[in-house]
Amino acid sequence: MQKLEQVYEGKAKKVFKTDDPELYIVDYKDDATAFNGLKKGTIAGKGVINNQMTNALMRRLEKAGIPTHFVKELSERETLVKKVSIVPLEVIIRNLSAGSFAKRYGVEEGIVFDAPTIEFSYKNDELGDPLLNSYHALALKLATAEEIDTIKKYAFAVNDVLKAFWSECGVILVDFKLEFGRLSDGTIVLADEISPDTCRLWDEKTHEKLDKDRFRRDLGGVEDAYAEIMKRLLAHDAD
Ligand code: ADP
Ligand code: UDP
């Protein structure tokens, strides 16, 4: 499958057309941004890790009955995916308090919730991805009520699968962001990526951060953290 015209270059990936109108190729970059693009940098080898991790996790989710855009890994950084029209919602699931949740509600990080939470933000860089609820999403016609129900159901199912898998790897899945899209027939599938850029992953014993917070917060050891989390995934992915 050949890359044709580039349709989009985002902060972390490029998206290309292929000769099949229903398929795209995504190409993962080492570029890293935080705080809505205010902080910029590169994380050597991140593109390879994020591509391979996303694909391993999406294969696992497909097996668990959650439909995804994943088709085939083409190279270290490139993957063939089903083209979708992205639902402009960032879907965030949390198992423990961290990041903007801790800040917004004035609580410490690391509080374990009795049940996972879900929140949406409007995927709109110009507005800084503002938080919204499902009524706002409906009012703005970002998705239908049925689509929102499906997205919520899939997002919690993703959490169940990934929380259990990361636990086998000695890792706590603190929180993560998902994006969903519509295939040409309207079917909702999981799209975009699931990686240390989009998840908070803490070592179970030490609570060491093995994700993009090392970059966001200038904690150092960014490349090593990405390599470590990938190593743990690979050690358990065959099971
Ligand atoms: P951003 O747009 O936030 O800078 P990226 O650099 O990751 O993010 O760019 C990838 C873009 O491709 C994102 O906007 C994402 O919503 C979109 N995308 C992900 N999967 C698909 C898909 N299967 N079909 C179409 N677009 C997709
Ligand atoms: N996240 C993401 N993209 C975003 C915002 C958040 O992938 O644009 C992920 C982030 O990596 C974390 C989760 O969503 O795993 C929750 O992020 P939070 O709302 O706490 O925001 P942050 O503190 O990252 O600004």
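Here are the numbers for the structure shown:
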read-out: Given (1) in contact with a helix residue (DSSP H, G or I) (Cβ under 8 Å, 6 or more places away or on another chain); (2) surrounded by 14 or more Cβ atoms within 10 Å (Cβ to Cβ); (3) of a type outside the set (Lys, Arg), index of the condition residue 48 fails; value: (1)
read-out: Every residue from the range 8-24 that is among the charged types (D, E, K, R) and touching a Ser or Thr at 6+ places or on another chain (Cβ under 9 Å); value: 11, 22
read-out: Per-region count, the range 170-188, residues over 30 Å from residue 111 (Cα atoms) and either polar (S, T, N, Q) or touching a residue at least 40 places away in the same chain (Cβ under 8 Å) (or both); value: 6
read-out: Residue count, the range 123-141 (criterion: within 16 Å of ligand 2 (Cβ to nearest atom) and either small (Gly, Ala, Ser) or farther than 23 Å from residue 174 by Cβ (or both)); value: 5
read-out: Residues within the range 177-219 that are more than 26 Å from residue 144 (Cα to Cα) and near ligand 2 (Cβ under 10 Å from one of its atoms), tallied; value: 11
read-out: Out of 54, 79, sole residue that is surrounded by 13 or more Cβ atoms within 10 Å (Cβ to Cβ), under 30 Å from residue 114 (Cβ atoms), of a type in the set (S, T, N, Q) and in contact with a Phe, Trp or Tyr (Cβ under 9 Å, 6 or more places away or on another chain); value: 54
read-out: Conditions (1) out of contact with any helix residue (DSSP H, G or I) (no Cβ under 7 Å at 6 or more places or on another chain); (2) assigned to a strand (DSSP E or B); (3) away from ligand 1 (no atom under 16 Å from the Cβ); number of the one not met by residue 179; value: (3)
read-out: Only one of 185, 211, 160, 197 that is charged (D, E, K, R), part of a loop (DSSP other than H, G, I, E, B) and more than 13 Å from the chain's Cα centre (by Cα); value: 185
read-out: Residue list for the range 61-105, filter: assigned to a helix (DSSP H, G or I) and in contact (Cβ under 8 Å) with a residue 24 or more places away in the chain; value: 61, 99, 101
read-out: Within the range 24-44, considering residues that are buried (at least 16 other Cβ atoms within 10 Å of the Cβ) and more than 9 Å from ligand 1 (Cβ to nearest atom), the one farthest from residue 220 (Cα to Cα); value: 25
read-out: Search result, residues across the range 108-147 that are without any contact (Cβ under 8 Å) to a residue 24 or more places away in the chain and in a helix (DSSP H, G or I); value: 126, 127, 134, 135, 136, 138, 139, 145, 146
read-out: Some residue of the range 9-23 being more than 14 Å from residue 216 (Cβ to Cβ), touching a helix residue (DSSP H, G or I) at 6+ places or on another chain (Cβ under 6 Å), at pLDDT 95 or above and not polar (S, T, N, Q); value: no
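The values are calculated or read from the model by the stated rules, or taken from the named source; none is laboratory data. Given the structure is predicted, the values throughout are model-derived calculations rather than measurements. Don't worry about glycine lacking a Cβ; one is built from the backbone with ideal geometry, like all the others, and counts go over all protein chains shown.
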